[in-house]
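> Sharing a structure below in C-alpha cells format, with a few things to ask.
Every number in this text was worked out from the coordinates using simple rules, so none of it is lab data. All of these numbers come straight from a predicted model, not from anything done at the bench. Here the Cβ positions follow ideal geometry from the backbone for every residue, glycine too, while neighbour counts run over all protein chains shown.
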Amino acid sequence: MDIITIGDGMITFDPSVKGPLRYVDGFKRKIGGAELNVMIGCARLGLQAGWISRLGKDEFGRHILNTVRGEGIDVSEVKLIEGYPTSLNFKEVHASGDSKTFYYRHKSPTETFNSNDLPIDYIKRAKILHVTGVFPAILEQNRQVILEAIKIAKDNGVKVSLDPNIRLKLWSKEEARQTLQSYLPYVDFLLTGREELEILFDTEDEERFIKELQKYDFSQVIMKDGAVGSSFLENNRFVNVPGFPVKKVVDTVGAGDGFDAAFLYGVIQDWPVEKSIQLANAVGAMVVQVEGDNEGLPYLEDVEVFLGARENIER
Ligand SMILES: O=C(O)C(=O)C[C@H](O)[C@H](O)CO
C-alpha cells in the first residue's frame, strides 16, 4: 500500500435544507469519517490506499464497507462486529457553508479493537501511515492504539502523517494536547490548522508555537488556512502558498481531508513541498464547492483540469 490509516467510519446524514437541525425533516444518507475521507481522496488521486477499521455488523456497516471497497480502497483490515451499531453523525449546514456535527458513536464498534489487534505486517508494508486526532478522541483506549501504531511505523521506516483534527465535541483541549503531543516525536508530516497549533501548544503567539515545533524532527509542518492558502514551516517562519478563489462555498466539511490526501500524494511522488501544497490547495478548493464530506474529492484528471493543466471536454 502507498498509504494506510486507522479510523472510525460513520453514516453521515446530510440535511436536505440548511439551518438549525431541529427544523430539518429530511436527510440524505452518506458516509464520513476524517481518516476514511483521506483514504477516499488518496484512492481517487490514484494511490493504493488501505483502511483499518471496525464497523457494526448491520445494514449501515455493510453499506460503508461496500462503498469504501467500491472506491478501490483495500478493506482487508476492516471487520464487521456483531452487537455494536455503526457510528452515525448528523450534519447541520449553515448558509455560509459552515456546519455543525452531532455524533451518535457510542458504543462504537472500534471498542472491540485494541493494540493487540494492530496488523503489524500491514503497517510495516505501507509507505505512509496517516493518523488523526479523531480516532483517539472517540475512546480512551484508541489513544494507545494510535501510539502503538505510529511506533511500529517509525521503527520500520514507514512515514507517519498526523492531522490533529481536534474535535472538541469528542474531547477537551487538555486531553487533545496531552495525547497529540505524545504522538509528535513519531510524526514526519504534521498537517494542521492555526487553531489546532494554538491548542496543541497552548499559545496564540506564532513565534512561540514555532519554537515548540522546532523541538521535533518533522520532515514538514503544513499549516492549512482555508481561502488564504496554506504554508509550510521553513526555518523560523511559515511560507505561504496562496489558495484558489472559490465561486461558491457549499460545504466546508472534508476540505482539510482532501488537502491531506493531495499533499500526501505529492509526498509519494517526491514532489517539492510547494508543488504538493499547490495540489492540496486546489483539492481543498474543489471539495468546498460540493455538498458532502467526500463527494467533492476529485480524481487526478479533475484537479488537472482545475489547475488548467488539462482541457475539459464536456460534449
Ligand atoms: O470524523 C469525524 O468525526 C467527522 O466529523 C466526519 C467528517 O467526515 C470528518 O470529520 C471531516 O473531516
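> Take Gln144, project a point 7 Å from its Cα along the Cβ direction, then tell me which residues of the stretch 96-116 have their backbone nitrogen under 19 Å from it.
108-116
> Using unit Cβ charges (K, R positive; D, E negative) and no other charged atoms, how large, in debye to the nearest 20, is the dipole of the stretch 193-301 about its Cα centre?
380
> Right, something else. Hey, can you grab everything whose amide H is under 5 Å from the amide H of Gly50? Only 5+ residues off in sequence or another chain; H modelled, so Pro and N-termini drop out.
Excluding prolines and chain starts, which carry no amide H, the hits are Ile3, Ile4, Thr5, Asp74.
> Applying the Karplus parametrisation 6.51 cos²θ - 1.76 cosθ + 1.60 with θ = phi - 60° to the phi angles of the stretch 264-280, what ³J(HN,Hα) value in whole Hz is obtained for each residue in order, glycine and proline being reported as x?
Running phi through 6.51 cos²θ - 1.76 cosθ + 1.60 with θ = phi - 60° gives 6, 4, x, 4, 5, 7, 6, 6, x, 4, 4, 5, 5, 5, 4, 4, 5 Hz.
> Using the Kirkwood formula over every pair of different C-alpha atoms, what hydrodynamic radius in Å results for the stretch 196-280?
For the stretch 196-280, the Kirkwood estimate is 13.9 Å.
> Amide H of Gly243: which non-local residues (sequence gap of 5 or more, or other chain) have their own amide H closer than 5 Å, using H built in the peptide plane?
Gly229, Ser230
> Cα-based Rg (one decimal) and Dmax (whole number) for the stretch 244-305, in Å?
Every Cα atom of the stretch 244-305 included, Rg and Dmax give 10.9, 33 Å.
> While we're looking at this one, here's another question. Which percentage, to the nearest 5, of the DSSP beta bridges contained in the stretch 3-306 is antiparallel?
40
> Moving on. Could you sort out which of Lys169/Lys247; Lys124/Lys159; Lys124/Lys224 sit more than 19 Å apart by Cα distance in this structure?
Lys169/Lys247; Lys124/Lys224
> Using alpha carbons only, what's the Rg to Rh ratio of the chain with Rh from Kirkwood?
0.94
> Let me ask another. Enumerate the amide H contacts of Ile31 below 5 Å, restricted to partners 5 or more residues apart or on another chain; note that Pro and chain-start residues carry no placed amide H.
Amide H to amide H, under 5 Å and 5 or more residues apart or across chains, Ile31 pairs with Thr12.
> Further question: Where is the GNM fluctuation largest for the chain (alpha-carbon springs, 10 angstrom cutoff): Val267, Val68, Val221?
Fluctuation is largest for Val267.
> Choose one of Ile4, Leu190, Val93: the residue whose Cα lies farthest towards the positive end of the charge dipole of the chain (beta-carbon charges +1 Lys, Arg; -1 Asp, Glu; about the Cα centre).
Val93
> Restrict the search to the stretch 158-220; then list the GluC sites (Glu not before Pro) that DSSP places in a loop and that have at most 15 other Cβ atoms within 10 Å of their Cβ.
Here the GluC sites (Glu not before Pro) that fit, given the DSSP loop and packing criteria, are Glu204.
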